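Report on the following structure.
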Amino acid sequence: MYHSLVNTCRAGLAIQPLCILVLLSTLISSCSILTSPAVLRPNFETRTQELRGGEYKLDPAHSFLLFKIGHLELATYVGRFNRFDASLEFDPASPIESRLDAIVYLDSFDVNNDSLEADLADSDWLNSGEFPEARFTTTSIAISESVDEEDSLDEADDSPLILEITGDLQFRGITRPVVLEGRFNGGADNLLTGKYTLGFTATGRISRSAFGMSAFPGLIGDTAELEIFAEFLRVNP
């Protein structure tokens with residue numbers, strides 16, 4: 001079609017401006033098709049049992065770890081960690097047999113304020129000089145109580161599976177159990193990376209005082225909310 005339009009334009013010089021507009025429209029339409037999700041992830045699937053099992057590694061370019069904490073009971077303060085890594089062993093036939101382990105590099109703490117970041121790195125807060133890493137190690141996974149396990153694994157059910165991921169969080173030299181509510185958003189062959197990719201989202205809460213950060217209780221909330229948005233790349237095709 002494109003070559004036919006070019007030949008038509010060459011033959012009709014008087015209507016070249018119109019031809020140019022038509023050619024541009026055709027090219028834009030073609031680019032839109034090539035960059036559509038259906039093309040870039042052609043076999044997208046949300047049913048858990050249809051996803052590919054195996055070993056996965058985090059795609060750091062498409063993953064984010066945010067935290068939120070109350071400030072003066074007036075607003076929510078939001079920050080992020082820019083460097084973290086994770087591995088996933090995923091079993092679609094029995095998701096509760098899966099395993100998620102992660103490491104967060106505390107010196108990548110980012111609140112868009114250099115002075116505050118330096119203050120929060122000290123021993124009263126993150127203590128990243130003495131403990132540069134935080135680690136999460138899965139101890140058990142269960143289907144969320146809000147989900148019927150048989151229905152959630154039904155091949156006709158295309159809704160994301162919600163999991164309760166319990167693990168030990170090692171942070172500031174203290175280990176405490178933490179529960180994440182996670183879901184696999186779907187999987188597909190990702191033509192941008194050449195890897196089969198799983199989408200993953202999780203939320204959780206931790207008590208800062210449980211990890212030895214108890215300063216300014218009237219000014220800063222005790223509960224920090226965690227939000228994780230990640231893509232995992234399958235190690236073996």
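For the range 223-237, name all the residues that are of a type in the set (A, V, I, L, M) and either part of a strand (DSSP E or B) or without any contact (Cβ under 8 Å) to a residue 60 or more places away in the chain (or both).
224, 226, 228, 230, 233
Which condition breaks for residue 202 when tested against (1) modelled with pLDDT of 95 or more; (2) under 18 Å from the mean Cα position of the chain (by Cα); (3) farther than 19 Å from residue 79 by Cβ?
Of the numbered conditions (1) modelled with pLDDT of 95 or more; (2) under 18 Å from the mean Cα position of the chain (by Cα); (3) farther than 19 Å from residue 79 by Cβ, the odd one out for residue 202 is (3).
When only residues in the range 103-117 that are out of contact with any Ser or Thr (no Cβ under 8 Å at 6 or more places or on another chain) and assigned to a strand (DSSP E or B) count, which is farthest from residue 130 (Cα to Cα)?
Checking each candidate, the answer is 110.
Could you tell me whether the range 207-222 includes any residue that is part of a strand (DSSP E or B) and closer than 19 Å to residue 133 by Cβ? Write out each step before concluding.
Restricting attention to the range 207-222, the residues satisfying the condition of being part of a strand (DSSP E or B) are 207, 220-222.
With the extra rule that they be closer than 19 Å to residue 133 by Cβ, the set shrinks to none.
No: zero hits.
Take the residues of the range 180-195 that are touching a residue at least 12 places away in the same chain (Cβ under 8 Å) and in a loop (DSSP other than H, G, I, E, B): which is surrounded by the most Cβ atoms within 10 Å (Cβ to Cβ)?
Looking at residues that are touching a residue at least 12 places away in the same chain (Cβ under 8 Å) and in a loop (DSSP other than H, G, I, E, B), I get 193.
Give the range 68-123 a look and list any residue that's in contact (Cβ under 8 Å) with a residue 24 or more places away in the chain, among the aliphatic types (A, V, I, L, M) and exposed (fewer than 12 other Cβ atoms within 10 Å of the Cβ), or say none.
Selection gives 72, 93.
I need the full set of residues from the range 129-161 which are modelled with pLDDT under 95 and touching an Asp or Glu at 6+ places or on another chain (Cβ under 7 Å), in order please.
If the condition is that a residue be modelled with pLDDT under 95 and touching an Asp or Glu at 6+ places or on another chain (Cβ under 7 Å), then 143, 144, 151, 157 are the ones that fit.
Identify, from the list 51, 100, 88, 120, the residue that is at pLDDT below 95 and closer than 21 Å to residue 171 by Cα.
Step by step, each of 51, 100, 88, 120 is checked, and only 120 is at pLDDT below 95 and closer than 21 Å to residue 171 by Cα.
Please work out which residue is nearest to residue 52 (Cα to Cα), limiting yourself to the range 196-219 and to residues that are out of contact with any Asp or Glu (no Cβ under 7 Å at 6 or more places or on another chain) and surrounded by fewer than 18 Cβ atoms within 10 Å (Cβ to Cβ).
201
The values are calculated or read from the model by the stated rules, or taken from the named source; none is laboratory data. Because the structure is a prediction, the values reported are computed rather than measured. All Cβ positions, glycine included, derive from the backbone under ideal geometry; neighbour counts span all protein chains shown.
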